[in-house]
Every structure is written in C-alpha cells, then in structure tokens.
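Notes follow the structure.
Only the coordinates and a few stated rules stand behind these numbers; no lab work does. Because the structure is predicted, anything quoted here is derived from the model rather than measured. Cβ placement follows ideal geometry from the backbone for every residue including glycine, while neighbour counts extend to all protein chains displayed.
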Amino acid sequence: MHPINTFFALPFLLLTCAQLAWADSVYLDTMVAEEIVISTDAISGDHVVEIQSQVEGEVSGRGGTTPQYVENSQAMQSLPFHQEVLEAANTTALAPALIHAVITVESKHNPKALSKKGAYGLMQLMPATAKHYGLTGLKKANHQQNIMVGARYLKELVVLFDGNLELALAAYNAGPATIKKYHNQIPPFQETKLYVPKVLKWYRKYSS
C-alpha cells in the first residue's frame, strides 16, 4: 500500500497508476481525509474506488515488461507525434498525457523549435542533456529520438524527487541542481513558476 497526502493527489495518482499499470486494478481508499491509500490488492468499503488498468497488453523488454497504453483520450489522439509519445510512455512508464503536456509547453509540437539558450526540438533538449543519454547531433536526430530522450530525462527527475511531479517539472525547466539549491522547492524564477502550472494544466486536459 502507498499512503499519500492529498495536497499532491492528482499528479501523484496519475503517475502511480502509470507505474502500477501491470496490475488488473488499483484500489484507492479515501476514508482518511488527509491521506489516500493506494493498493493493488483488492480492498472493499464505502470509501474505496477501483481504477482498472489502462493497459491493453504488455510489451516485453530487457527489464521485464512495460505497460502498453491505450489511446483513451480524444484530445491526445489528434496530436502530432502521438505514436512516438506512446512509445516513449511505454518505455518510461510515464503517462502519455504528461509527455504531450511537456511538448505542448516546450515547443507547441514544433520539431524544429530552437530556444535562445540552445534547447532544440519537441522536448527542447539541451545538447549536454542529449549527449548524456547517448544522443549526439541533436539537430539531426529524428522526432522519436528527441521525445524518447526527453521522456527518459523527465522520468529520471520524477524518481530523483520521489514522485513529486511539481518538482520534477520545475527541474526539467530550471535544472535539478537549481531545485536542490533551493532546498527542494520551486525556485523563485518567473519562468519556472509559470512553467509548472502550464504543464499541469495541459496534463489534466489531455488526461480527461
């Protein structure tokens, strides 16, 4: 079981459901107002909500199996590069809606977007970040590679900040060292303070 504080309930629940997607169902016990208990074991009660898995099957990989996401959002199905996003989601266990949300805010789905700081492509990768994940020649890389590296980096940040999606997104924008510098708080930069809620807004929209 995984107890969580309801302050971060929405983003954390979506991430947790993605990570537990290999289970047939996930059960949420909301009996305690300040805490939600998540379990893959069947539990019952008036305060229990069952969420069935989003998976349609499983994809084998060197690390075992990864969830195969179903295209369950009309808002996402019409977006560019949706198949590439689904592939990255299956590899990283991030929700496709989250990856699309980051792409929307970072580049507006423009594969040739280039920032003044040198970030490039759909996920606005910096050359050093791309190189860290083995991607050289950033501007020559295809869309699938850009999305995959960005998703792997975001997943690493989610793990680094113990599932705190707000901090992971802030780190994607400002860098993990900056978040650590401000004692695991969103830094007082206007860009970052606006960036996090923008991504979460699109995340909710694509998840609906």
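Taking each of 140/181; 117/180; 117/205 in turn, the alpha-carbon distance tops 25 angstrom for 140/181; 117/205. Given contacts defined as C-alpha pairs under 8 Å and at least six residues apart, what's the relative contact order of the range 65-204, whole-number percent? Relative CO of the range 65-204 lands at 21 percent. Phi-derived couplings, Karplus 6.51 cos²θ - 1.76 cosθ + 1.60 at θ = phi - 60°, listed residue by residue for the range 79-93: 6, x, 6, 5, 5, 5, 5, 4, 5, 5, 5, 5, 6, 9, 6 Hz, with x used for Gly and Pro. Geometric descriptor of the range 123-175, per residue, is 67 Å³ (volume of the convex hull of the Cα atoms). Listed by chain and number, the lysines whose alpha-carbon sits under 17 Å from that of residue 198, ignoring those within fewer than 8 places in the same chain, are 108.
Projected onto planes of every orientation and averaged, the convex hull of the alpha-carbon atoms in the range 79-207 covers 7.1 nm². Exposure proxy shown here: for 104, 136, the number of other Cβ atoms within 10 Å sets the order, fewest to most, as 136, 104. In terms of surrounding Cβ atoms within a 10 Å radius of their Cβ, 107, 78 rank from fewest to most as 78, 107.
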